[in-house]
Every structure is written in C-alpha cells, then in structure tokens.
Amino acid sequence: MERCQDGKGKGDENVAFIRAQVDHLNNFFGPGEVSEIWITFPDPQPGKERKRLTAPVFLNRYKILLGPEGILHLKTDDLDFYHYTLGIIGLYHHTILFSTDDLYHSGFSEDVITIRTFYENMWLEIGKKICYIKFKLN
C-alpha cells in the first residue's frame with residue numbers, strides 16, 4: 001500500500017493507493033472504513049461479465065468496506081464497460097451522482113478532471129473519450 005504524496009514530501013494519511021487483487025481488499029480495510037473507492041481503467045473483461053470490477057459480486061464487496069455515505073468512481077476508456085456498469089447500477093437501484101461518456105467535454109468541474117492516470121493521458125493523446133461514473137450503493 002502506498003500513501004499519497006502531495007509533491008512536498010508530506011503524506012496524506014487519509015489516502016491509500018493499493019495494487020492488489022480485489023479479493024484481498026478486506027485485508028487492508030474493515031467494514032465501513034472506506035469513504036471512496038476509485039476504479040480507474042480496469043480491464044473491461046470482454047465476454048467475462050462476472051470478472052468485471054463493477055459486477056454485482058464486487059459491488060457487494062465494496063459495499064461492506066464503504067461507510068454509509070461511501071462513493072464509487074469509475075473511469076474507463078471502454079464504452080461497452082461504461083454502459084455495462086450503468087446497466088448494473090440501474091438494475092440494482094444504486095444512485096448515480098454523475099455520469100458522462102465524455103468527461104473532458106462534459107462541463108464537470110470537480111478534481112476528477114485534474115487528476116489523470118498514465119493510461120488516461122495515453123488515451124487522451126490518441127483522441128479517445130474518457131467515460132466517468134460517480135455513484136453510491138444502496
């Protein structure tokens with residue numbers, strides 16, 4: 001687990017970046033301990049819906065870790081994955097706080113557009129649109 005650095009050498013104790021299998025998240029956090037989960041540019045798992053990080057089995061795992069006001073964020077360049085996730089959110093009556101299939105032309109003004117991953121920069125350079133969903137689990 002890595003702590004977030006603010007560029008001045010100070011770590012933010014309220015942020016952690018974890019590179020691990022999703023099955024192991026409960027080894028890092030207890031129930032209700034997490035306020036936000038970011039899923040950035042996951043493998044869309046074409047043809048393997050049960051392995052997608054926004055499949056119901058994974059959303060149920062996230063729900064245990066998230067506090068009552070917890071929020072999930074998804075950023076993806078894969079339009080099919082984006083629409084799949086919107087469908088799952090609707091099917092299970094979760095609450096969409098914001099969604100767009102073109103983040104950088106949506107007028108969305110939160111920090112989500114100022115923080116970019118390596119892959120996000122790579123996709124933007126070749127003209128791909130970035131999809132984004134901000135939602136809560138019910």
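Within segment 88-109, how many residues turn out to be open to solvent by 40 Å² or more (accessible area, probe 1.4 Å) and either more than 15 Å from the chain's Cα centre (by Cα) or basic (K, R) (or both)? Outline the logic, then answer.
Step one: of segment 88-109, the residues open to solvent by 40 Å² or more (accessible area, probe 1.4 Å) are 90-93, 95-99, 101, 104-107, 109.
If we keep only those that are either more than 15 Å from the chain's Cα centre (by Cα) or basic (K, R) (or both) too, we end up with 90-93, 104-107, 109.
Here the count works out to 9.
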Inset, instruction - Name the one entry in G47, G30 that is closer than 27 Å to L103 by Cα and either touching a strand residue (DSSP E or B) at 6+ places or on another chain (Cβ under 6 Å) or in a loop (DSSP other than H, G, I, E, B) (or both). - result: G47
Legend entry - Subset of segment 79-115 [without any contact (Cβ under 8 Å) to a residue 40 or more places away in the chain, of a type in the set (V, I, T) and in a strand (DSSP E or B)]: I96, T100
Inset, instruction - Of the conditions (1) open to solvent by less than 30 Å² (accessible area, probe 1.4 Å); (2) over 23 Å from A16 (Cα atoms); (3) free of Cβ contacts under 8 Å to residues at least 40 places away in the same chain, G67 clears all except one; give me its number. - result: (2)
Inset, instruction - Would you mind stating whether L25 is in contact (Cβ under 8 Å) with a residue 12 or more places away in the chain, surrounded by fewer than 18 Cβ atoms within 10 Å (Cβ to Cβ) and touching a helix residue (DSSP H, G or I) at 6+ places or on another chain (Cβ under 7 Å)? - result: yes
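State whether the residues of segment 65-75 include one that is assigned to a loop (DSSP other than H, G, I, E, B) and farther than 28 Å from G127 by Cβ. Can you show your working first?
Applying the first criterion (assigned to a loop (DSSP other than H, G, I, E, B)) to segment 65-75 yields none.
No; the residues of segment 65-75 include none that is assigned to a loop (DSSP other than H, G, I, E, B) and farther than 28 Å from G127 by Cβ.
The values are calculated or read from the model by the stated rules, or taken from the named source; none is laboratory data. Please read these numbers as outputs of a predicted model, since none were measured by experiment. Glycine gets a Cβ as well: all are built from the backbone with ideal geometry, and neighbour counts include every protein chain shown. These area figures cover heavy atoms from the full protein model, side chains too; ligands, DNA and RNA do not enter into them. Shrake-Rupley method; radii C 1.70, N 1.55, O 1.52, S 1.80 Å.
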